[in-house]
Structures are given as C-alpha cells and as structure tokens.
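Q: The structure follows.
The values are calculated or read from the model by the stated rules, or taken from the named source; none is laboratory data. Since the model is a prediction, treat every value here as computed from it, not as a measurement. Ideal geometry is used to build each Cβ from the backbone, glycine not excepted, and the neighbour counts take in all protein chains shown. Note: areas computed on protein heavy atoms with side chains; ligands, DNA, RNA excluded. Shrake-Rupley method; radii C 1.70, N 1.55, O 1.52, S 1.80 Å.
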Amino acid sequence: MRSYLPSELSAHQRHDYLLSTIGPRPIAWVSTINEDGIVNLAPFSFFNIFGSNPVTLIFSPARRVKDNSTKHTLQNSGNIKECVVNIVSYDLVGQMVLSSTEYPDGVDEFSKIGLTAEPSDLVKPPRVKEAPAQYECVVKQIIHTGEEGGAGNLIICEVLKMHFREDIFTEDDKIDPLKVDTVARMGGLWYTRAKEGLFQIHNPKGHNNIGFEGIPEFIRNSEIYTANNLSELAKYEALPTVEEVNEFIVSDYFKGRTQHWHLKYKIAENWSQHLITEGKVKEAWCFILAAMKDN
Ligand SMILES: Cc1cc2nc3c(=O)[nH]c(=O)nc-3n(C[C@H](O)[C@H](O)[C@H](O)COP(=O)(O)O)c2cc1C
C-alpha cells in the first residue's frame, strides 16, 4: 500500500492520482455567457446531481494548477449567474474535448466547434442542440474551497427547465441508457463509453486551433467523416501548407497507396478516416488534401 498526506505529493501528482482513482466521472458540458453576450462552452467532470427537488447540480471549474488562473466559466457564472449543463453522448465526445481548448477571450465556442446553439427558454446561455439532455440552470451559490492552484469553485445550480431529446426515449416513456450513450472521464487521457468501456482521446494543444470553422467545406460536408473524426482534424493549429502537401504527393507512402485509384475520392476519404482513427492525423490531413488536388 502507498499512503500519503495530500501535502506529500506534488500538485500534479496529487491531481493525477485523484483523477485516476475517482472515476468514471460524469461530464457537465457547460454553456455560459459573458456581459458582452459572448457565449462560452467548456466541459467539467467535477460534476454530479445532488438533489431532485429542487433539482440541484454542482460542477467545479477549478483554479489552474499550472498558474492559479481561473476559468471563463467561473467568471461568467459569477457575473451572469445562469448556465446550461449539457450531457455528452459518444458521438459528441470529440467536440466536447475540443471545447476544452483555452481559446482566447471572445471566441464563440459553438461556431468554433461546429455545434448548434439552441436558444434557451428561461436563461440567456444557449443549449447544445445536439446533446441528448440539456439543463437550464440558475446559479444559486459559488463556494470557493481555496485560493491556490487546484482549488475548487463549487458552482451550485438549480435547474429551471430540463430538455430531453425525443429519440432517447423508449416506447413506454423511459430513458434508454443505450440511446443516451453517455461518456465519462477517467484519469489522464482515459474516458469510458458507458455501454462499451475505456478509450483514450488526446487533449487539444495550445490556446487555439482551426476548429470546425477552419475545415474546408468539402471535408465538413463529406458523408464519410463523423463529428469525432472532424474534431481530430479541427485540433490542428493550421492546415498543412501547399509545400507539405506537394511533398506528400511525391512520397512513396502516397504513391504506393494511390497508384491504381485514378483517384476515387471516396477511397481517399475512407483511407484518411482510417488514419484519423489510428491517431495519424497529420498524414490524414495531407492524404485528403493531396487526393483532392489529384482529382
Ligand atoms: C472531459 C474534461 C473534463 C474536464 N473537467 C474539468 C473540471 O472538472 N474542472 C476544471 O477546472 N477543468 C476541467 N476540464 C478542463 C476545462 O474544460 C478547460 O480548462 C477549459 O478550457 C475551461 O474553459 P473556460 O475557461 O472557457 O471555462 C476538463 C476538460 C475535459 C476535456
């Protein structure tokens, strides 16, 4: 047995050990709005339901361990005192992770990551239309558990209105867990799909990326790619340059795979999708742009 006082571990180790053992944690995908009307969307797995009458949800945007800064969601919840907690199904997991990018002030995360902002009925922040459940909330109280990096800020919410997507119900008006298809957070890169088990997703790097907005229309509108595939493409800070694509076109890797195609574009899409699921996203980008050029 390894036993520690919290103070005996470094901040990062403590964070990691806790998050790797206290899980799976449900995910609140929270939309808020600032005083200028800019909408913010971010995921929080320090989250649960604490009562159903009144319906009480709590989530915690913590102070960052690295620099003790606070998050937009905390600032907005303190100022406007309203939020919407959206629930994440597996088909939205890529966009949810993308929304954890620490985008600069003023970025509207709904359009950045290709989601539909559905107006709420009773609060100002919009709902994620694609989410299987959406809870419109008023912020009742915020409890700060400390002032140092890693400290929690418990945002205590009362739900004013609940929305459930029609297709998650069974014929006898129960909610089918297979249809909600929730995902939950574990430690590190680990998540779990409730009906299937563990999988991993990399966090976005840096403070910006091309988002869904930056993906060329012909890729976004393709019938091949899922929203989770597009989310991987969207994590890139910039599209491969013309030079990079040209270099890729003359590579043995590309030539070896495309010599007999003349180029059936659909095959190229399937192949690049395969590369995305293998985690080879740079190759996937080059492949799709190269195949497009060749057509
Ligand atoms: C699945 C997931 C769960 C997360 N849970 C939390 C959490 O519970 N508390 C927290 O402070 N940050 C959490 N984060 C990180 C925030 O989402 C991230 O810092 C985000 O950029 C905050 O956005 P904001 O500044 O727009 O509020 C989580 C990230 C992911 C991907």
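Q: Do the conditions hold for Leu57, that is, is it within 11 Å of the ligand (Cβ to nearest atom), part of a strand (DSSP E or B), touching an Asp or Glu at 6+ places or on another chain (Cβ under 9 Å) and touching a residue at least 24 places away in the same chain (Cβ under 8 Å)?
A: So Leu57 fails the test.
Q: Moving on. I need the full set of residues from region 189-208 which are within 11 Å of the ligand (Cβ to nearest atom) and touching a strand residue (DSSP E or B) at 6+ places or on another chain (Cβ under 9 Å), in order please.
A: Matches in region 189-208: Leu189, Trp190, Tyr191, Ile201.
Q: Just to be sure, is His12 closer than 30 Å to Leu233 by Cα, modelled with pLDDT under 95 and touching a strand residue (DSSP E or B) at 6+ places or on another chain (Cβ under 9 Å)?
A: The answer is no for His12.
Q: Give Asn68, Asn76 a once-over and let me know the one that is within 13 Å of the ligand (Cβ to nearest atom) and outside any helix (DSSP H, G or I).
A: Asn68
Q: Tell me which residues, restricted to region 27-36, are open to solvent by 40 Å² or more (accessible area, probe 1.4 Å) and touching a Lys or Arg at 6+ places or on another chain (Cβ under 8 Å).
A: Hits for region 27-36: nothing passes.
Q: Follow-up. Assess whether Asn86 counts as being near the ligand (Cβ under 9 Å from one of its atoms), of a type outside the set (A, V, I, L, M, F, W, C) and at pLDDT 95 or above.
A: It is false that Asn86 is near the ligand (Cβ under 9 Å from one of its atoms), of a type outside the set (A, V, I, L, M, F, W, C) and at pLDDT 95 or above.
Q: Can you name the residue in region 15-41 that is more than 22 Å from Leu198 (Cα to Cα) and in contact with a Ser or Thr (Cβ under 8 Å, 6 or more places away or on another chain) and, of all such residues, is farthest from the ligand (Cβ to nearest atom)?
A: Val39
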